[in-house]
1. Efficiency by 1/(1 + (r/R0)^6): what FRET value for Phe179 and Asn216, r their Cβ-Cβ distance, R0 = 25 Å, to the nearest 0.05?
2. Within the set of other residues whose C-beta is less than 12 Å from the C-beta of Leu237, count the net charge using Lys and Arg as +1 and Asp and Glu as -1.
3. If I model the chain as equal point scatterers sitting on the Cα atoms and use the Debye formula, what is log10 I(q)/I(0) at q = 0.12 Å⁻¹?
4. So for the range 105-194, considering every pair of alpha-carbon atoms, how many percent are separated by more than 20 Å?
5. Could you tell me the relative contact order of the chain? Use alpha-carbon pairs under 8 Å, at least six residues apart, and round to a whole percent.
6. Classify the range 44-125 from the C-alpha gyration tensor, please: rounded if a/c falls under 1.5, else prolate or oblate depending on whether a/b exceeds b/c.
7. Could you tell me the distance between the Cα centroids of the range 244-321 and the range 54-71, to the nearest Å?
8. Going 7 Å from the Cα of Arg9 in the Cα-to-Cβ direction, what parts of the range 288-318 have a backbone nitrogen less than 19 Å from that spot?
Amino acid sequence: MKVAVYSTRSYDRSHLEAANPAGTREFIWIEERLSPDTAALAHGCAVVCAFVNDQLDAPVLGALAAGGTRLIALRCAGYNHVDLAAVAELGLTVTHVPTYSPHAVAEHAIALLLTLNRRIHLAHDRMRRGDFTLDGLQGFDLYGKTAGLVGTGRIGIIAGRILQGFGCRVLAYDPYPPFEARGIGFEFCSIEELLARSDVVSLHCPLLPDTHHVINAASLARMKPGALLINTSRGGLIDTPAVIAALENNRLGGLGIDVYENEAVLFFEDHSSTGITDPQFARLIALPNVVATGHQGFFTHEALGDIARSIVASLDAFAAGYPIPHALRPRTPAAPVAVG
Ligand code: NAI
């Protein structure tokens, strides 16, 4: 069985090879992103393994299906980039990896928060230039502050527990809170109240039609002046021009991001010879109160191993004709659950 692996990097290859020691699956390593231009490279491959910025809209899915692909194994948790209605229409199956180390992403969110609050990025640059002054590097104690979680799934719960460890009060908003998020000291409230009361807001919900630009000019105006905003989930949760305006006029104290709404053409590639061609992103990361990483929240040894083992388990199930674990269906929203 041939498996076309799009957006391959050396770390994908080594972890997938380690999870497939007997070599029972034939991986075709493709460095390019999956797009209308590259879909033909998977011709004759029953399985396509795709990543977060691969294009999986109806035309690309149609091209893959016409080339003989039956299964698309996403090596990520988020699947906002997949047209699930087209998947169903074409009779394809798509799986994702919902449960790889959620600690990796939660810990990264906290790393962004600590860097931003204590200005570690500025201090490090300054020290390299021989400047040991402290002006402009003042942060605040997290102890005793209020942190707001938007989304209390696997990652949000861990981020909240870490914040509780710092001595933060944790507010949470989630219309469908899982059982595990209850009885652990999170105070559930409306998103409006969360934004108004939090010194730090961290986004841990998926990108869906109702969460697109959940942080916009109106929600930014509701936030506490000087609050910090962290986003390790998906770039589309934030209206970037609105956030730039709030940062530039110091209404928002700082922004820590691992994701960006137009990241597909920037992230995971080396643009150092051409520079950043997206002026909006260039403007954003030039601000001193912004810390950014390029979608590396998942990037730990443990998470990559979990992902590779999950992909190989899906391939084994597919080859044996068993139900594929974590197969995705078009979304039918459940009624929101009230939490006291
Ligand atoms: P999860 O599915 O366990 O939890 C998501 C939570 O968000 C659920 O409890 C759900 O009820 C809630 N939610 C849904 N609609 C909401 C809304 N309108 N407002 C607030 N909450 C809402 O997902 P998990 O594993 O915690 O991942 C969260 C997100 O993190 C993923 O959707 C993905 O986009 C992102 N992610 C980022 C990675 C990175 O490398 N930066 C890696 C893995 C995931």
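The values are calculated or read from the model by the stated rules, or taken from the named source; none is laboratory data. All figures in this text were calculated on a predicted structure; none of them were measured in a lab. Please note: Cβ atoms are built from the backbone with ideal geometry, for glycine as well, and neighbour counts cover all protein chains shown. Calculation scope for accessible area: heavy atoms of the full protein, side chains included, ligands and nucleic acids excluded. Shrake-Rupley method; radii C 1.70, N 1.55, O 1.52, S 1.80 Å.
1. Working: r = 31 Å, r/R0 = 1.23.
Efficiency, rounded to the nearest 0.05: 0.20.
2. -3
3. Each listed q corresponds, in turn, to -0.91.
4. On the way: 1725 of 4005 pairs.
Summing the P(r) of the range 105-194 above 20 Å gives 43 percent of all pairs.
5. 17 percent
6. Details: a/c = 3.56, a/b = 2.94, b/c = 1.21.
Prolate is the answer for the range 44-125, as a/c is 1.5 or above and a/b outweighs b/c.
7. So the separation of the two Cα centres works out to 24 Å.
8. Only 291-311 fall inside the zone, counting backbone N under 19 Å.
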